[in-house]
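The values are calculated or read from the model by the stated rules, or taken from the named source; none is laboratory data. The shown structure was predicted, so the numbers you read here are calculated from the model rather than taken from an experiment. Cβ placement follows ideal geometry from the backbone for every residue including glycine, while neighbour counts extend to all protein chains displayed. For accessibility, only protein heavy atoms count, side chains too; no ligands or nucleic acids. Shrake-Rupley method; radii C 1.70, N 1.55, O 1.52, S 1.80 Å.
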Amino acid sequence: MNPLRTPFWGVEWAWLFYLLAALALAALALGLWEKISLWAQGRRAAPVASHKHPLGAILADVFLGRRIWRGGASAGLMHLMLLWGFLGLFIGTCAVAVDHYLVSFLQGKVYLWFSAGLEVCGLLLVLGLVLAVARRWLLPVPRLERRPDDTLLPLWLLAVACGGFMVEAARLAATRPPWEAWSFLGYGLSGFFPSAQAARDLFPWLWWAHAIISLGFIAWLPWSKLAHAFAAPASLYLQGQPLAVLAVAAEEGELAALGLRHLLHLDACTRCGRCVEVCPVAQAGEPFSPRDLLRRARRQARLKYSPLYRLPWLRDRRQALLERDRAADWDVAWYCTTCRACLEVCPVQAAPIEMIRKLRAGLVEQGSAVPPQLMDTLEKLHRYGNPWVAKKGAKAGWAQGRDIPDLSKSGPEVDWLYFVGCTTSIDTRAQGMARALSDVFTHCGVSFGTLGKKEPCCGDIARRLGEQGLMEEQIETTQALLNKRDLTRIICTSPHCFDTIKKVHPLFSEEGLPLQVLHYSQMLHRLWQQGRMFFDHPLPLKVTYHDPCFLARHNRLVDEPRGLLRAMPGLELVEMADHGLNSLCCGGGGGRMWHEIPGQANLAVRRLEQAAATGAELVVTACPLCLIMLEDARKTGGFEDKFAIIDLSELAARALGLAAKDGEAQASA
Amino acid sequence: MKILVLVKNVPEVAEAELEIDQGALDLEDLEMVVNEWDNYAVEEAVRITEASGGEVHLLTLGNEDDEDVLRRGLAMGAHAASHLCDEAFEGSDPATLARIFATAVKGGGYDLILTGVQSSDLGQASTGVLLAQELGLPHATMAIALEPGAGEVVVTRELENNTSEKVALPLPALVTVQSGINQPRYVSIMGIRKVRKMTIEQIQADDLGLAEEALGAAASMVDSQSLALPPMGEGAQMLEGGLDSLCDQAAAILREKGGLA
Ligand code: SF4
Ligand code: SF4
């Protein structure tokens, strides 16, 4: 006898099956259509540019789940088994359909291997599902939520898989074909049927149960979190998109409108909770969670863009829900420090930093839900070009007594523009950085100048707070000053200015300014490598280094600062629990430096607890905002007798023997 | 409800270093901003019309640059704006200003006129009330809440020591608005750009049909004589230098004067 498949073996009412299948497929199609038409509107809101992310990396992320493994072996294994089990069964089902309706090829050896293959996939799926349920309920993975559908979905799929095996087992028990051992699982289970007749009698019941559960699953698929199967690969594919910048002429509401990529992100998120686990804000206990924000944004996007909510009887509900959400926008909009920790760990590149910017842009445009302190900050930025003081020309104060060329005026050529930045030029503690750096540059013979009191704000704060128009204005002002003297080589004190000038400014220049932008740590590293800077003053100190988010995560600069520290004689560098790309945010980014938020926790104190655990006598950082935040936390958190805080620039000046002229190195350690 | 709000552009002085040039504040290094109280008045008017319909018109008197204050108000949600802009208006005292405003406003059909309690630069707190007088309208000052109703507006007035008084005025009426009556919204750059194309009605002295003698310093009863900066306190001493040297100097002074045992 030639081994072959027996479709609808002994089952009557095939028409009913076809009817149910049609209904299930209709639900599937409706769900997919809703998603696709929703995503398509995002394309309109912000066009997709061609992308440059290597395809191999994307495929590895999708089919091997590389980013998922990083969150733990059990997660990686679970996903791999589910993905391949599911994929295998899906391909198998398609093959069966082809065999049944088009060309019959499932016979003989092919059929036997095919059966065995499906058994393996089914086994993978079942094991994956068991692991999934176990991880959520038995293993200590606190980041996982336990919402009803989180449990129902795997159990349902388990019922689908087990049902399939039972149907197969019944058929084998009833017919006992000679090739039954190829379907090894079904074969194993077939022993449970007492007799061939019992198996034959039970078969239709099992078959129908399996069919209904499976069709139900198909109908549910696009509406469940398994929709990520469609959205996540797309989201990963679009990760290399350039920053979306909308022209000033944007129509009302467009600034807050989500692009295709953002809408895909929303459906790609599986609520795995990795972002919550690393979010400094959520971890400090503030009432904010990036995962919840995404969930909420997804609901809003659906309300706004889904064709289903255009239906007359859903329209009122839509309006009511949108109103309610709008009232609550404030509650979630202003917590994020834009530290990027969430995006670093998110397996589908969906974490909500951009979404938060959009949310803020909407609030700023509308106006009445901007916290008063931030309003004051934005107004200062607008009128005085800095977030600190309502006074013009406050930016040159730090340089008193230093003879630095002012590049906003005409004068001799210099090699570098030193872009000091708002905080560094105005805050008394951070001014030490500017003085130290200008001394180091002078010492090393670097020819440089500044924009003096004309130096504008680079636009970072406005950008992070969602004030797009102000950001554009500031970028234009900056570029006008740069163009006046053809300044293209820039050194920044602040990682925030560095990030903005390097990544955002070029987007606003038609000719695409050929800027060479360095963070000062890169410049110092270069000077040291070139032998133009020699650290000859031993500093017998145990230090630890706090990576600023905008250096480490946003710009992957972790080695240069450490290279400098290692080059300083006598220094011993010890690392904190979270360091490098995993650095823990000081809490000063995203505009948080300038306002107090309800339920606020001191993020920097949490950071210093890690520093204290290292036993270091000195905490080094390389950002004016980090410096201020950590310095404050040192005082308020009771670390004053444990260690001092210093900026890398100040430490470099000391290692060069450029004794602090006026108390910048308060670190007396 | 048709509401008129008077607004004024004033220099922001809180953190600035002030200088006096020929008897007037040197505006060179100062930023012009909307008078704080007027900002509250605009917000209140916009909220009233957002809640129950109507229109908000803005009116200012000043030079060409002062148009900014109108654009800002339009971006907040006002519907139209007029600009009294003429050299002949310069040097007017509050009574003269009130006369100019009254002429411009007459026949506008406003149900409610709002002004700030005072302007932060001159602080006379009288233009609003004088305008009510000129127009023959009932008025209330220092409003910390407004409840417009049919044919009347109920105004809560802020009095000393946290007491307040509620008064009802028949409409049309004029109310001067105290700070803190609301939380004015943020005006984004984008918002201001969006109203860039709205036309602002320009009104000159001729358009008002007022004789030259009735305008400016010539018509004013009050004449500004001089402006003075706060005097440096007795015994104040300004130290100069870097942080370390400042600390050393301060410590030395303390020691010298017996402040440090
Ligand atoms: S945003 Fe990313 S990390 Fe956060 S829950 Fe969703 S998938 Fe997980
Ligand atoms: S960027 Fe940082 S603060 Fe913002 S949501 Fe992500 S992890 Fe949290």
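Just a few scattered comments:
- Selected residue [open to solvent by less than 40 Å² (accessible area, probe 1.4 Å), in contact with a helix residue (DSSP H, G or I) (Cβ under 7 Å, 6 or more places away or on another chain) and touching a residue at least 24 places away in the same chain (Cβ under 8 Å)] from B:A140, B:A132, B:A102: B:A102
- For B:S226, the test of being closer than 25 Å to A:V370 by Cβ and of a type in the set (G, A, S) is failed.
- Where a residue in the stretch A:423-436 is free of Cβ contacts under 8 Å to residues at least 40 places away in the same chain and its partner, wherever it lies, is among the small types (G, A, S), with Cβ under 8 Å and at least six apart: A:S425/A:A394; A:S425/A:A396; A:S425/A:G397; A:S425/A:A434
- Within the stretch A:321-336, considering residues that are open to solvent by less than 60 Å² (accessible area, probe 1.4 Å) and more than 16 Å from ligand 1 (Cβ to nearest atom), the one nearest to A:Q41 (Cα to Cα): A:L322
- Residues that are facing another protein chain (nearest Cβ under 8 Å), assigned to a loop (DSSP other than H, G, I, E, B) and β-branched (V, I, T) within the stretch B:172-206 comprise just one, B:V187.
- Scan of the stretch B:44-58 for residues that are touching a strand residue (DSSP E or B) at 6+ places or on another chain (Cβ under 9 Å) and either open to solvent by less than 10 Å² (accessible area, probe 1.4 Å) or assigned to a loop (DSSP other than H, G, I, E, B) (or both), ordered by number: B:A45, B:V46, B:G54, B:V56, B:L58
- Taken residue by residue, the stretch A:376-388 has at least one member that is open to solvent by less than 30 Å² (accessible area, probe 1.4 Å), touching a residue at least 40 places away in the same chain (Cβ under 8 Å) and at the interface with chain B (Cβ under 9 Å from one of its Cβ atoms).
- Search result, residues across the stretch B:143-171 that are of a type in the set (D, E, K, R) and either part of a strand (DSSP E or B) or touching a residue at least 60 places away in the same chain (Cβ under 8 Å) (or both): B:E147, B:E152, B:R157, B:E158, B:E165, B:K166
- Within the stretch A:170-193, the set of residues being in contact with a Leu (Cβ under 7 Å, 6 or more places away or on another chain) and closer than 14 Å to A:Y111 by Cα comprises A:W179, A:E180, A:W182, A:S183.
- Considering only residues in the stretch A:623-661 that are open to solvent by 30 Å² or more (accessible area, probe 1.4 Å) and within 14 Å of another protein chain (Cβ to nearest Cβ), the one that is modelled with the lowest pLDDT turns out to be A:K661.
- Subset of the stretch B:184-215 (residues that are within 30 Å of B:A140 (Cβ to Cβ) and either modelled with pLDDT under 95 or open to solvent by less than 80 Å² (accessible area, probe 1.4 Å) (or both)): B:P184, B:R185, B:Y186, B:V187, B:I200, B:I203, B:L208, B:L210, B:A214, B:L215
One line per residue, one yes/no per condition, for (1) away from ligand 2 (no atom under 15 Å from the Cβ); (2) within 22 Å of A:A234 (Cβ to Cβ):
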| site | (1), (2) |
| --- | --- |
| A:C279 | no, no |
| A:R296 | no, yes |
| A:Y305 | yes, yes |
| A:L321 | yes, no |
| A:V348 | no, yes |
| A:I356 | no, yes |
| A:V364 | yes, no |
| A:Q373 | yes, no |
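- In the stretch B:153-164, the residue that is nearest to the other protein chains (Cβ to nearest Cβ) out of those that are open to solvent by 40 Å² or more (accessible area, probe 1.4 Å) and within 24 Å of B:A98 (Cβ to Cβ) is B:E158.
Quick grid of which residues meet (1) surrounded by 16 or more Cβ atoms within 10 Å (Cβ to Cβ); (2) within 13 Å of chain A (Cβ to nearest Cβ); (3) more than 14 Å from B:L227 (Cβ to Cβ):
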site	(1), (2), (3)
B:E12	yes, yes, yes
B:G23	no, no, no
B:E31	yes, yes, yes
B:W37	yes, no, yes
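- Considering each residue of the stretch A:603-614 in turn, none proves to be assigned to a loop (DSSP other than H, G, I, E, B) and either open to solvent by less than 30 Å² (accessible area, probe 1.4 Å) or not charged (D, E, K, R) (or both).
- Screening A:V245 on (1) over 19 Å from A:G71 (Cα atoms); (2) open to solvent by 30 Å² or more (accessible area, probe 1.4 Å); (3) modelled with pLDDT of 90 or more; (4) of a type in the set (V, I, T) shows it passes everything except condition (3).
- Scan of the stretch A:274-297 for residues that are more than 10 Å from ligand 1 (Cβ to nearest atom) and either surrounded by fewer than 16 Cβ atoms within 10 Å (Cβ to Cβ) or not aliphatic (A, V, I, L, M) (or both), ordered by number: A:P280, A:Q283, A:G285, A:E286, A:P287, A:F288, A:R296
- Scanning the stretch A:259-273 for residues that are of a type in the set (K, R) and surrounded by 22 or more Cβ atoms within 10 Å (Cβ to Cβ) yields one hit, A:R261.
- Within the stretch A:461-493, being open to solvent by 10 Å² or more (accessible area, probe 1.4 Å) and away from chain B (no Cβ under 14 Å) holds for A:R464, A:Q479, A:A480, A:L481, A:N483, A:K484, A:R485, A:D486, A:L487, A:T488, A:R489.
- Any hit, the stretch A:302-316, residues being assigned to a loop (DSSP other than H, G, I, E, B), in contact with a Gly (Cβ under 6 Å, 6 or more places away or on another chain), more than 9 Å from ligand 1 (Cβ to nearest atom) and at pLDDT 85 or above: no
- Filtering A:V348, A:V364 for residues that are more than 16 Å from ligand 1 (Cβ to nearest atom), aliphatic (A, V, I, L, M) and either closer than 27 Å to A:A57 by Cα or surrounded by 23 or more Cβ atoms within 10 Å (Cβ to Cβ) (or both) leaves a single hit, A:V364.
- Residue check, A:S410 open to solvent by 30 Å² or more (accessible area, probe 1.4 Å), among the hydroxyl-bearing types (S, T, Y) and either away from ligand 2 (no atom under 16 Å from the Cβ) or in a helix (DSSP H, G or I) (or both): yes
- Residue ID - farthest from ligand 2 (Cβ to nearest atom), chosen from residues in the stretch A:573-600 that are within 14 Å of chain B (Cβ to nearest Cβ) and either among the acidic types (D, E) or in a loop (DSSP other than H, G, I, E, B) (or both): A:H595
- Of residues in the stretch A:543-571 being among the acidic types (D, E) and open to solvent by 10 Å² or more (accessible area, probe 1.4 Å), the one farthest from ligand 1 (Cβ to nearest atom): A:E560
- Residue list for the stretch A:470-493, filter: more than 18 Å from A:V446 (Cα to Cα) and of a type in the set (A, V, I, L, M, F, W, C): A:L470, A:M471, A:I475, A:A480, A:L481, A:L482
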